[in-house]
Amino acid sequence: MLQKFFILCSGADADLLKTCSKGEQNKYAGIGATVFFTAVMAFIASSYALFTVFDNVYAAMFFGFIWGMLIFNLDRFIVSTIKKRNNVGQEFLQATPRIILAIIIAVVISKPLEMKIFEKEINQVLLEQKNELTLANKDQLALQYTPKVERLNQSIAALKSEISIKETETNALYNIYINEAEGTAGTKLLGKGPVYEEKREKHDAALAELQELKSINSEKIMGIESQITALDIEFTEVVKNSQPIIDGFDGLMARITALDELPWFPSFFIFLLFLAIETSPIIAKLLAPKGEYDIKLEEEESILASWVAQKVAQRKLIVATDGEINQKIYEDLKGEEELYGYKKKKAEELLRLQADTFHEIQVKGLK
């Protein structure tokens, strides 16, 4: 039962193969098994690859099954269409497009399984790439907010500088009237005289202005700081909202790119393994000697080709003979006076009927 199934997978003529030896049947069963298990590997590989795209097991398995059936049909077609003949060069030339197709299929099959085998290494590469993208994303978003924050910080610095300058002026006026009272500067008279009072009033006025300036600028600084806080919150929110996009950077294309950054030799080895699996039925048919099945198949094709050629020749001969017979019959009929009179009579009747019909139509048109 299993042998019959694998023979079916090989694309060979089961009825013709039954007339061959057991060894010939086992050979084609082995080719069919290779075709079948290649399709199974294609199903597994494509299901995993599609799972990374759809993130749904059932959808991935459904489309993976379709892909596996497609690979199975292609491989079965490739093997069944290679005919063993006595010309090795012609056989290889016939198989060349199919080998190229097998290489393409091997690449498609091996790549998803490479991603599964090297999943941990790929995840490490993706983690590093995500970290780099996170930092680059923050730097890029910061370009939108940093100039605004810097301008606001400059405004705060200007307001604080204004207070500092005013404090310096007020402290200077304080020192002036104290020195006047001590007699160390100004009039150099010890005591609180009129000059002292005048300088004291200037200091007090400056001190009041300083207090007012501090109050006004403090409110302005608080307002600016609230703007900076709002910008910081907005920046944090934008970074937070963009982070899921970076976290989702693990799709099929990202994993293939990450796989390319790993050492090439292990991936190349896996590719060669699948290439050997995929091309093994073709190589087996090319290398195997011409067997009993191939001889019988060639004989049946030759019989069919001869029968078709014979039928075509017979039809051509029938057409040619029939044409000659018809030509002779019509030539003989030319001399038949009875036939001539009969056709003349029928022609006269037809002309009379046509004339009568035309006359009736003309009369109706005049009424």
Among L127, L173, L272, the residue with the largest mean-square fluctuation in a Gaussian network model of the chain built from Cα contacts under 10 Å is L173
To the nearest 10 degrees, the tilt of helix 264-287 (Cα long axis) against the first principal axis of the alpha carbons of the chain is 0 degrees
Zone reached by a paramagnetic label modelled 7 Å from A230 Cα along Cα→Cβ, restricted to the range 117-161 with backbone N below 14 Å, covers 149, 152
With Cα springs under 10 Å, the Gaussian network model of the chain assigns the largest mean-square fluctuation among D15, D247, D260 to D15
Reviewing (1) 102, 45, 15; (2) 33, 25, 20; (3) 29, 26, 20, the figure for semi-axes √(5λ) of the Cα gyration tensor in Å actually calculated from this model sits under (1)
Violations at 23 Å Cα threshold for listed pairs K285/K311; K148/K220; K4/K111 -> K285/K311; K4/K111
With Cα coordinates, the longest principal axis of the chain makes an angle with the long axis of helix 88-117, in degrees rounded to 10, of 30 degrees
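Within 10 Å, count the other beta carbons around each residue, average over each peptide in 104-115, 232-243, and list them highest first.
Top to bottom by mean Cβ count within 10 Å: 104-115, 232-243.
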Summing -39500 (n - 2.57) over every DSSP H run of at least 4 in the chain, dividing by its residue total and rounding to the nearest 500, the 222 nm mean residue ellipticity is -32000 deg cm²/dmol
Per the 1/(1 + (r/R0)^6) rule, R0 = 51 Å and r from the Cβ atoms of Y145 and T96, FRET efficiency to 0.05 is 0.25
From the Cα centre of the range 122-149 to that of the range 161-179, the distance in Å is 49 Å
One finds, for L272 and M69 with R0 = 25 angstrom and r their Cβ-Cβ distance, a FRET efficiency to the nearest 0.05 of 0.50
Taking alpha-carbon centroids only, the range 17-44 lies from the range 194-245 a number of Å equal to 86 Å
Rounded to the nearest 10, the angle in degrees between the Cα long axis of helix 57-81 and the longest principal axis of the Cα atoms of the chain comes to 40 degrees
At R0 = 56 Å the Cβ-Cβ FRET efficiency linking L317 and D55, nearest 0.05, sits at 0.20
Distance in nm between S215 and F265 label points, each 7 Å along Cα→Cβ, equals 8.1 nm
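Taken together, the values in this text are just the output of simple stated rules run on the coordinates, not laboratory data. Just so we're clear, the structure is a prediction, and the values are computed from it rather than from any experiment. FYI the Cβ positions are ideal-geometry reconstructions off the backbone, even for glycines, and counts take in every protein chain you see.
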